[in-house]
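The values are calculated or read from the model by the stated rules, or taken from the named source; none is laboratory data. Just so you know, these numbers come straight off a predicted model, no measurement behind them. When we count neighbours, we look across all protein chains shown, and the Cβ atoms used for this are built from the backbone with ideal geometry, even at glycine. Just the protein is used for accessible areas: all its heavy atoms, side chains included, with ligands, DNA and RNA removed. Shrake-Rupley method; radii C 1.70, N 1.55, O 1.52, S 1.80 Å.
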Amino acid sequence: MRAVILAGGEGTRLRPLTLTTPKPVVPVVDRPLLRHQLDLLAGAGVREVVFSVAYRPERVEAVFGDGSAFGLRIRYAVEDTPLGTGGAVRNALPLLDERTIVLNGDILTDVDLAAVLLRHEREGASATILLAPVPNPEAYGLVETDPAGRVHRFLEKPRPEQITTNTINAGVYVLETRILDLMPEGVNYSIERGFFPALLDRGDRVLGPVHRGYWIDVGTPEKYLQVHRDILNGRFRVPLDGAPRAEGFVHPTARVSEGALLDGHFYVGPGCEVEAGARLGPDAVLVADARVRSGAYLRDSVVWQGVEVGPDCEVQGCLIGQGVRLGRSSLLRRAVLGEGSVISDYSRTL
């Protein structure tokens, strides 16, 4: 059994962070985004994974390589032109086995994937679509199931009076590879709007188990920041690469002064430095090689590799891309800064 991770998008919703860094390798606390998905797959016994990539595939391969560093075998199916979610899976068909797990590259979840696989096999399904409940079903396309958990129909952005369920497609699928021939080859094709309705039309058994644990789509700045809060506060359990300190984690190669004020949950990654008089947290993440100068205050923010936070800066609710320089006494709130940005002394970004 092999898996396909759909990671071909340009990450437009996360720009400017993804203008230079493809979304599959965007850091989520202490590891690239797709490393979390690899960990999920490995927990279900999957050892061979295909990355379906299109945008800057060389950057993705430079990080993940052939997978041997993670105890996996990773291969790459590169899209010359955008193929959509279905077309991307069809493009990977020559690399697949008899049964295939498919993950959308935007999502993180703690689902028991082994249990999903067991039910799929036990009930003889052609396809299984993991579902997740949402608080506001009017904003989504919904998936309706019968009492036995079999997918009954799809409701695309229904009107309030049409809503019969609150479950959506969670972007995790188990597919019998033989059914992928239903997808046209070499064209842009949607697995959600084309392939799955076609399976229902011909009477295939399509299961829709509902996962009521952790699930998030990290494709927007708001959700990207939220998943860091969730990891730091234990809502999405990830074993972080660091030692516990004052309700946070500090990597062994980081230097945090005894004179720094550490507040609540935080993460200080490899090679980072937090000077005396700086204040860090709650919900602050320094990914790697970042420096927080004396008097700076950083909370509810994610700071990428090589960032320098100048003296007496205040940073709240921000995403700071690689190599950014924040000048003395600058104030940033709810800002998203792309790689290499420079904020001058005493600036205000509110």
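Taking Cα pairs under 8 Å and at least six residues apart, what relative contact order does the chain come out at, in percent?
On the way: 857 pairs, mean separation 46.3, N = 350.
Rounded, it is 13 percent for the chain.
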At q = 0.07, 0.11, 0.13 Å⁻¹, work out log10 I(q)/I(0) for the chain with the Debye formula, treating every Cα as an identical point scatterer and leaving solvent out; two decimals please. -0.33, -0.77, -1.00
Compute from the Cα atoms of the stretch 72-120 the Rg and the Dmax, the latter being the longest Cα-Cα distance, and quote both in angstrom. 12.8, 36
Could you provide, to the nearest whole Å², the per residue accessible area of the stretch 195-350 with probe 1.4 Å? 42
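Taking R0 as 41 Å, what FRET efficiency do you get between residue 59 and residue 159 from their Cβ-Cβ distance, rounded to the nearest 0.05?
The value I calculate is 0.45.
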Projected area, mean over directions - the stretch 1-142, Cα convex hull, nm²: 9.6
Compute the signed sum of charges (Lys and Arg +1, Asp and Glu -1) over the other residues within less than 10 Å, Cβ to Cβ, of residue 154. -1
Approximate spin-label separation residue 243-residue 115, in nm, with each point projected 7 Å along Cα-to-Cβ: 3.7
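Please give the per residue volume of the convex hull enclosing the alpha carbon atoms of the stretch 198-331, rounded to a whole number of Å³. Mind dumping the intermediate values first?
Numbers: hull volume 16.3 nm³, N = 134.
Convex hull volume per residue, Cα atoms: 122 Å³.
What ranking do 277-288, 124-135, 49-60 get when scored by the average of other Cβ atoms within 10 Å per residue, highest first?
Working: 277-288: 23.9, 124-135: 19.4, 49-60: 21.0.
By packing density, highest mean first, the sequence is 277-288, 49-60, 124-135.
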Hey, what does the equivalent ellipsoid look like for the stretch 122-250, semi-axes from the Cα gyration tensor as sqrt of 5 times each eigenvalue, largest first, whole Å? 33, 18, 15
Would you mind putting 107-113, 85-91 in packing order, based on average other-beta-carbon counts within 10 Å, highest first? 85-91, 107-113
Can you give me the long-range amide H partners of residue 105? Hydrogens built in the peptide plane at 1.01 Å from N, cutoff under 5 Å, separation of 5 or more residues or another chain. 6
